[in-house]
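Asks: So that we are looking at the same thing, I have put the structure below in structure tokens.
Derivation of every value follows stated rules applied to the coordinates shown; laboratory data play no part. Because the structure is predicted, anything quoted here is derived from the model rather than measured. For neighbour counting, all protein chains shown are included, and Cβ atoms are generated from backbone atoms with ideal geometry for every residue, glycine included.
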Amino acid sequence: MAESWQLGHRQRAPMDAGEPRVVQLQVARSLGVTQRTLHRHLTEEGQSFSAIVNATRGALAERCLANDRYSLTDVSQLLGFAAPSTFSRWFRGRFGVTPSQWRDSAAHRVPDREEDGLAPRQSDPSEQAQLLGG
């Protein structure tokens with residue numbers, strides 16, 4: 001149950017930088033388990049709730065920053081940061097460069113998501129947040 005449980009439920013975690021216990025409780029409820037059961041499953045897999053949230057945020061940050069239609073403010077709000085400066089500090093700590101530097105780097109350019117079929121049907125960043133359960 002361990003690995004498949006985590007992989008099957010990872011993307012349902014909301015990207016909310018609010019009180020961690022409240023967010024964990026919301027996720028546990030949305031999965032139909034108690035907060036303790038959620039914690040136990042993650043511990044059995046050697047994971048933590050915050051590690052999963054950070055990994056998901058990192059993947060979404062890269063995807064959104066690769067597309068110029070999202071402003072840095074849009075991306076920071078989508079990922080649940082209280083302010084763009086908080087997002088920038090988190091991003092620099094995780095990736096070693098600022099979001100602007102990452103975006104400007106040609107090494108991170110990817111095809112337009114609409115062309116490769118990976119874009120949501122709407123260009124609104126809140127659509128992606130809804131996909132994650134936020």
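Asks: Summing +1 for each Lys or Arg and -1 for each Asp or Glu, what net charge is found among the other residues whose Cβ lies under 15 Å from the Cβ of PRO84? List each step's numbers first, then the result.
Replies: On the way: positive: ARG57, ARG89, ARG92, ARG103; negative: ASP74.
Net charge in that neighbourhood comes out at +3.
Asks: Using the count of nearby Cβ atoms within 10 Å as a rough guide to exposure, how do ARG36, ARG29 rank from fewest to most? Write down the numbers at each step before the final one.
Replies: Details: ARG36 9, ARG29 12.
Listed from fewest to most nearby Cβ atoms, that is ARG36, ARG29.
Asks: Which value in nm describes the separation of the simple spin-label points at GLN47 and ARG92, placed 7 Å from the Cα toward the beta carbon?
Replies: It is 3.1 nm.
Asks: Please turn the phi angles of segment 72-77 into ³J(HN,Hα) values with the Karplus equation 6.51 cos²θ - 1.76 cosθ + 1.60 (θ = phi - 60°), one per residue in order, whole Hz, x for glycine and proline.
Replies: Once θ is set to phi - 60°, the couplings for segment 72-77 become 4, 5, 4, 5, 5, 5 Hz.
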